[in-house]
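Here the structure comes first, spelled out in structure tokens, and everything after it is commentary.
Since every read-out is calculated from the coordinates, none of them should be taken as a lab result. Keep in mind it's a predicted model, so treat the numbers as computed, not measured. As a convention, Cβ positions derive from the backbone with ideal geometry for all residues, glycine included, and neighbour counts pool all protein chains shown.
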């Protein structure tokens, strides 16, 4: 994982950003994107594939409720006021589904 010094959105502080980018290992199987992190102040997940990516926190991602749906070329971000600090899980409908993810 690569760390880059960048300003955090929403405030004047600076910090390191950790790259959590990757691909889904298997179709329709939830996998951990990031472990729980009580110090997480920023999270962005961008779906780079042509299929839907599902994201859930603290429990496995599913293709539907209660997971969040990230459409192809879409993104989900948390910054500033409230950021989930629990484990982050993703699920894709295909193996090798590409995504970019960063946390700080």
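For the chain, what relative contact order do you get, as a whole percent, if you take Cα pairs closer than 8 Å and at least 6 residues apart?
The normalised contact order for the chain reaches 41 percent.
Taking the Cα-to-Cβ direction at residue 16 and at residue 73 and moving 7 Å from each Cα, how far apart do the two end points lie in nm?
Simple spin-label model gives 3.5 nm for this pair.
With the alpha-carbon atoms as the only input, what is the per residue convex hull volume for the chain in Å³?
Normalising the Cα hull of the chain by residue number yields 89 Å³.
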